[in-house]
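For reference, the structure is listed below as structure tokens.
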Amino acid sequence: MADQYAQSGEDSRPTETPVIRWDEPPEGPVLVLLDQTRLPAEEVELVCTDASALVDAIRSLAVRGAPLLGIAGAYGVALAAARGFDVDEASRALAGARPTAVNLAYGVERARAAYLAGLAKVGDSKTAAAMALAAARALHQEDAEASTRMAAHGLALLDELLPGGGHRILTHCNTGSLVSGGEGTAFAVALAAHRQGRLRRLWVDETRPLLQGARLTAYEAARSGMAYTLLTDNAAGSLFSAGEVDAVLIGADRIAADGSVANKVGSYPLAVLARYHHVPFIVVAPVTTVDLETPDGAAIEVEQRPGHEVTEVTLPQAPVSGGGGGVPVAPLGTQAYNPAFDVTPPELVTAVVTEEGVVSPVTTEALAELVARSRRAASGLGGIG
């Protein structure tokens, strides 16, 4: 069950309302989300009292973005445990809500494993639920710390590739604090450049059909005082041709073992443009986004979204008349091709920036070594220099 209430504020931060938080009112624990479908018109919180409500929020994109989906998935398992629901059933539903984003399944499994470990250790469901919640909170904190480290690694790479500063960065979709426990992935790098006085312009792809760039990235850029310009996705080629792009920075929902990158649809054309125009194409994502169990790009399951997202336009607080709840922009009965993601092959990726360092060139061996070293660091056996 979900409910909504509004909260808004004005300050220099991307959003005053937490993007995700655990709350424990008298009637029982809840997971509270900033409803991203209502931005930028208003900041409205969506309150989930069970895993099914969270699944609906994930599918509707009220909560979105690979790192945040992992955090939400973990909290969803903790919520099911705390409320006395079937944890395995909730875990399956949550993990399958958006199949391309590997972080979602990772977060779900991490909290589920903590819950099962608690049951095995003490046999008490209340204690096991507390352990699941602790796992979710730990993941939340780890993601915030990873965001800071990705920003530092990414900015250092930009300064290495583009000495002199004055970076003109093109980004796609939304990769800021709205998708993270911290300040984001690719957007966090641009924000770090801005704070250091080295960002000349952030080019923001509109990101059709759901306008995550226009609604969310522009919202975050404006709130952070960044110099930014919005463009339609199909204007990117003109921008490259005019020599106005120094680097492309995007996030990722899954990185296969060979370095193929699944990201918001429209990313692959940018990679092709970047290669033709000799512009660095940089992917910024936490190590948890690297999925060594997926061998290559062809093995990545690409989510297909409803056609009405293309044939109708839905904007916050706009009047609706279409069958999908939006304003029709195509003839009734028009079929639509609407993949949520596309896959960029590794040979088009200049570098993958993670919290543990930079992989360049992007190869199977380099990614495997990165993941192995990250796991050793997490277990206290060593780290990355």
**Request:** Note the full-extension length gain between A377 and Q196 as 0.36 nm times their separation in residues minus their Cα-Cα distance, in nm to one decimal.
**Result:** 62.2 nm
**Request:** Please report the relative contact order for the chain, taking Cα pairs under 8 Å with a sequence separation of at least 6, and give it as a percent rounded to a whole number.
**Result:** 14
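What is the extension gain from V329 to A134, computed as 0.36 nm multiplied by their sequence separation minus the C-alpha to C-alpha distance, in nm to one decimal?
Fully extending the segment from V329 to A134 adds 65.6 nm.
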**Prompt:** What is the gain in length, in nm to one decimal, between N234 and E27 on full extension, counting 0.36 nm per residue of separation less the C-alpha to C-alpha distance?
**Reply:** 69.6 nm
**Message:** Suppose R0 equals 25 Å. What FRET efficiency, 1/(1 + (r/R0)^6) with r the Cβ-Cβ distance, do E42 and T148 give to the nearest 0.05?
**Reply:** 0.30
**Request:** Hydropathy first: keep DSSP H helices in the chain averaging at least 0.0 on Kyte-Doolittle, then drop any whose Cα extent along the axis falls short of 27 Å, and list what survives.
**Result:** 102-122, 125-161
**Prompt:** Over the range 149-378, what is the mean sequence separation of C-alpha contacts under 8 Å (at least six apart), divided by residue count, expressed as relative contact order in percent?
**Reply:** 21
**Asked** Given the rule -39500 (n - 2.57) for each run of at least 4 DSSP H residues, summed and divided by the residues of the chain, what is its mean residue ellipticity at 222 nm, to the nearest 500 deg cm²/dmol?
**Response** -12000 deg cm²/dmol
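Would you mind getting me the FRET efficiency between V272 and A113? Use the beta-carbon distance for r and R0 = 35 Å, nearest 0.05.
0.30
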**Antiparallel bridge percentage (DSSP; both residues within the chain; nearest 5)** = 55
**Request:** For the range 38-175, give the magnitude of the charge dipole about the Cα centre (Cβ charges: +1 Lys/Arg, -1 Asp/Glu; no others), in debye to the nearest 20.
**Result:** 160
**Message:** Relative contact order for the range 2-143: what percent, with Cα pairs under 8 Å and sequence separation of 6 or more?
**Reply:** 20
**Asked** Quick one: which of 26-32, 342-348, 189-195 comes out on top by average Cβ neighbours within 10 Å, and what's the full order, highest first?
**Response** 189-195, 342-348, 26-32
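Here, each number is a calculation from the coordinates, and none is a lab measurement. Because the structure is a prediction, the values reported are computed rather than measured. A quick note on method: Cβ atoms are made from the backbone with ideal geometry, for glycine too, and the neighbour counts reach across all protein chains shown.
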